[in-house]
Amino acid sequence: MTSPEQQRDEETAPLKVAVIGSGPAGLYTAESLTRQRRVPVRVDVVDRLPTPYGLVRYGVAPDHTKIKGVAHSLRRVLEHPDVRFVGGVEFGTDLTRADLARTHHAVVYATGASVDRRMGVPGEDLPGSAAATDFVNWYCGHPDSELERFVLNAEEVVVVGAGNVALDVARILVKTADELRHTDIPQPVLDVLAASRVRTVRLLSRRGPLQARFTAPELRDLLSLPGVDVVVDPAQVDIDHTAIRGDVARAARTNLRLLRERAALAPEGRPRSVHLHFWARPQEILGTDRVTGVRVERTRLEGENLVGTGETIDLAAGMVLRSVGYASVPLPGVPFDAAARTVPQRDGRVLDERGEVVRGDYVAGWIKRGATGVIGTNKSDAAGTVRSLLDDASVLRASAPDLVDLYEVVEDRGGYDDWLRIDAAEADQARKLDRGERVKLHGWSAYREILGERIR
């Protein structure tokens, strides 16, 4: 029988939680845990990379400086006295779920959605065809991305997709190097962009302008680029406002207005151009040894269903970038729904194949709900998971009374001090290059120069 003294000790001892992933979902989870007063906590935020912030660092376009400012608020989370950043540790390789059972009362998986979805069309694997996620990783300086991955020697590029990432990719392709100098884009990448031969970008959307997933601010950014003609077919945006259903979101109506205003303007013959093609579904990527074009089928809506019309056109292109969505990948030893590309869960609690709760396992972010929402969506999502975790606190404590420190399992791995050294090196590089607040390092070799053998 537990004595009153033992019960008081259990209630005041911190609940130890491991958060796998240091992107917005993971750090908002840590923030929600440390801001509440129901239960004392200690949080270890674990990441495969020695750098935190996930898609804020490696997914947000370098010229979106306001959005990248989210990292400043996330930094405060990492500097909380009850939060510890453990970088350079890969879940499933360096650290298993069995290891975490020895070190923590609970685990929150917040690993996001790190791979692209495929189009499933012939020619998709030809040289010159790539995922937009690979291109984003490249221009954002992800250490896994090799500089030689993109040479940008094609004059015409097709980007498949109608979301914000597709617009980001198109915008980066047509901006000049001088326009990107003030950003944190790695210098070797900036040099490649400076030598780019890209002059025309065609953005393909399977559906119409009212169904496009990009936001009005992203569209305005594209439309306001100097030196770039943004071309919109007036026939594709000639929609009678009185025929628009009442449930069409205000954002879609704003997009339509902006597109119609642009369609009314004639191209001015600027050095680079972006052409927006709606009702255009890739049917095949053309080429033998490498990409030479894209065969596109015209589409239309029949009720809620998208159907092909049978009419096709061929667009010339030396590179194709698909931006048709992100997907999560399975985590070793963690249940996974291959169809939904998420971890099965209820109120943030992980469920096994029988639909029963896996005690001590939780999820937050894209791996929980799918690749939807914006950065801020992760805050409320994380808060919901944390509520469930705190409701389970007494059971979690009782199931794991004797724990060891994480560093007894993963010795001599990266921590917050290592990240600060990288951070300082990037700030120093920016000063030397006269390029603003920071310039990202490029590649694992650059990290090894700073951290030495701590980087494997």
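Give the distance, in whole Å, between the Cα centre of region 408-456 and the Cα centre of region 134-179.
First find each Cα centre; the distance between them is then 24 Å.
Give me the percent of the accessible area of region 338-442 that comes from carbon and sulfur atoms, probe 1.4 Å, all protein chains in place.
Whole-percent figure for carbon plus sulfur exposure: 47.
Could you work out the relative contact order of the chain, using alpha carbon pairs under 8 angstrom and six or more residues apart, expressed as a whole percent?
Working: 902 pairs, mean separation 101.1, N = 456.
Across the chain, relative contact order equals 22 percent.
Quick one: putting +1 on the C-beta of Lys and Arg, -1 on the C-beta of Asp and Glu, what dipole do you get for the chain around its Cα centre, in Debye to the nearest 20? Walk me through the intermediate numbers first.
Numbers: 62 positive and 66 negative charges, 250 e Å.
Dipole size: approximately 1200 debye.
Using the per-residue mean of other Cβ atoms lying within 10 Å as a proxy for protection, in what order, highest first, do the peptides 430-443, 35-48 fall?
Order by mean packing, descending: 35-48, 430-443.
Suppose we keep just the DSSP beta bridges with both residues in the chain; what percent of those would be antiparallel, to 5? Could you put the intermediate results ahead of the total?
Details: 24 of 64 bridges.
Percent antiparallel among DSSP bridges in the chain is about 40.
Please compute the length gained on full extension between R38 and A427, using 0.36 nm multiplied by the number of residues separating them and subtracting their Cα-Cα distance.
So the chain would gain 136.1 nm between R38 and A427.
Classify region 382-433: rounded, prolate or oblate, from the alpha-carbon gyration tensor (a ≥ b ≥ c, eigenvalue square roots; a/c under 1.5 rounded; otherwise prolate if a/b is larger than b/c)?
It is oblate, given that a/c is not under 1.5 and a/b is not larger than b/c.
R272's amide H: which non-local residues (gap 5+, or another chain) put their own amide H closer than 5 Å, with H modeled 1.01 Å from N in plane and none for Pro or chain starts?
D229
Under 5 Å between amide H atoms, partner at least 5 residues away or on a different chain: which partners does A371 have, H built in plane at 1.01 Å?
Long-range HN contacts for A371: none found.
Given A71, G92, V108, which one lies farthest toward the positive end of the charge dipole of the chain, if we put +1 on the Cβ of every Lys and Arg and -1 on the Cβ of every Asp and Glu?
Of A71, G92, V108, it is A71.
Decide, for the chain, between rounded, prolate and oblate: order the square roots of the alpha carbon gyration tensor eigenvalues as a ≥ b ≥ c, take rounded if a/c falls under 1.5, and otherwise choose prolate if a/b is larger than b/c, else oblate.
Cα axes put the chain in the prolate bin.
Take the alpha carbon gyration tensor of region 256-387, find the square roots of its eigenvalues, order them as a ≥ b ≥ c, and report rounded if a/c is under 1.5; if not, report prolate when a/b exceeds b/c, else oblate.
Prolate, since a/c reaches 1.5 and a/b exceeds b/c.
Can you give me the distance in nm between label points at H72 and R250, each placed 7 Å from the Cα along the Cα-to-Cβ direction?
My value for the distance between the label points is 2.7 nm.
With a 10 Å radius around each residue's Cβ, average the other Cβ atoms per peptide and rank 369-380, 95-106, highest first.
Descending packing order for the listed peptides: 95-106, 369-380.
Place a label point 7 angstrom from the Cα of R346 along the Cα-to-Cβ direction, then list the residues of region 394-418 whose backbone nitrogen is under 20 Å away.
Taking a point 7 Å out along Cα→Cβ of R346, the residues of region 394-418 whose backbone N falls under 20 Å are 394-396.
Could you rank the peptides 259-269, 273-283, 160-170 by their average count of other C-beta atoms within 10 Å per residue, with the highest value first?
With the highest mean Cβ count within 10 Å placed first, the list reads 160-170, 273-283, 259-269.
Straight-line reach from K16: which lysines have a Cα under 22 Å away, not including same-chain ones fewer than 8 places off?
K368, K379
Within region 259-293, list the residues whose amide N lies under 16 Å from a label point set 7 Å along Cα→Cβ of I313.
263, 267, 274-284, 293
Where only protein heavy atoms count, and the probe is 1.4 Å, what is the accessible area per residue for the chain in Å²?
46
Could you work out [θ]222 nm for the chain from helices alone, using -39500 (n - 2.57) per DSSP H run of at least four and dividing by all its residues? Round to the nearest 500 deg cm²/dmol.
That comes out to -9000 deg cm²/dmol.
The values are calculated or read from the model by the stated rules, or taken from the named source; none is laboratory data. Every value quoted in this text rests on a predicted model; they were computed, and no experiment measured them. Glycine gets a Cβ as well: all are built from the backbone with ideal geometry, and neighbour counts include every protein chain shown. Only protein heavy atoms, including side chains, enter the accessible area calculation; ligands, DNA and RNA are left aside. Shrake-Rupley method; radii C 1.70, N 1.55, O 1.52, S 1.80 Å.
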